[in-house]
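Heads up: the structure comes next, in structure tokens.
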Amino acid sequence: MSKKSRKRAKKSFHLSKKRILAVLLVAIFAVGISLSIGVLSFELGSKHASEKLEKKEIEISKLKKLQDLLESSQKEIAEYDLGISEIDDLRASQEHDKKVLETKKKSKEDHKTTSRKPRIAIILDDISFSSQVHRIKSLGLPITMSFLPANAIHPNTPKMAENEEFYMVHLPLEAISHSHAEPNTLHVTDSAQRIDTTIAKIKKDFPRLMFLNNHTGSLFTSDYRAMAHLYDSLDKYGLTFVDSRTTSKTQAPRLCKERAMNYIGRDVFLDHENSVEYVQGQIREAIKIAKATGLAIAIGHPRKETLKAIESLKDELSKDIELIYLNQI
């Protein structure tokens, strides 16, 4: 090979080497760019994921707080059931209450005696927890407690009632509209056998039971057939129905008249509004009725406001008035 050819070949080799290096550099740069983009995408993705995770954690934290609040409120809700449908029914029966009161005044006028003080029986419904029993007993007054039948939510009501001098059962009956019905609520479509089985179970759980009053029940108590079946079972087990009068259409007075039984029903609903002042006014209304007729039956719930109102009127409930358990009427 000539010197010129060798020089040309060497130049060509160096040129090829430069091209290869250039290609390698481009490739490395491309890979670097890809990696950078990948890293950037990963970082952005990670940042986005981190932000999403952070938002999720905030949401979970909020939900947990709500859950904690719900759990802490659950007992209070159970203890102080507002009974929205029951209250609506009571509003509808206000005029009916006035007429019943006038009739009651006339019918009791002949039975009034100067030797006996006017009497008031206060029934507190929805008793489900020992804390309620403790608060009521701390008043030192003969307050009639009406316990809800035992179920999975409040399984110990029979055991709590067992320790009381006198108690009632708050029987769940179907309302026209109620979104939180108690388990084992009796319905107007229930057979006589179903009603009888329910009452038999309650009597077994509460062996000293004598009186029941209805929890809700605006639909059930206004149904003649359903109430007739209920009265059959109550008579069978030696039990007396106390009408909470959640509706003006209650069939209890009619059935009592047909069966030559004494009708027992509520005169005053204490905590239609949940304030101490309102309950105080209702207690004074019960006192007024008791003085006019000889006896008044008031029904309320073991709410803080209701108990405060009762406690604040201890003197008025003992002055010229005899506060009694329901079985003393």
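Where a number appears in this text, it was derived from the coordinates with a stated rule and is not lab data. Bear in mind the structure is a predicted one, so any value in this text is a computation, not a measurement. Positions of Cβ are backbone-derived with ideal geometry, glycine not excepted, and every protein chain shown enters the neighbour counts.
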(message) Modelling each spin label as a point 7 Å along the Cα-to-Cβ direction, I'd like the I153/K236 distance in nm, to one decimal.
(response) 2.7
(request) Show me 201-214, 182-195 ranked by packing, highest mean number of other Cβ atoms within 10 Å first. (result) 201-214, 182-195
(request) At most 13 other Cβ atoms within 10 Å and a DSSP loop assignment: could you name the trypsin sites (Lys or Arg not before Pro) in region 233-329 that fit? (result) R259, K319
(request) Under 13 Å from the Cβ of A150, count the other residues' Cβ atoms, weight Lys and Arg +1, Asp and Glu -1, and hand me the total. (result) +1
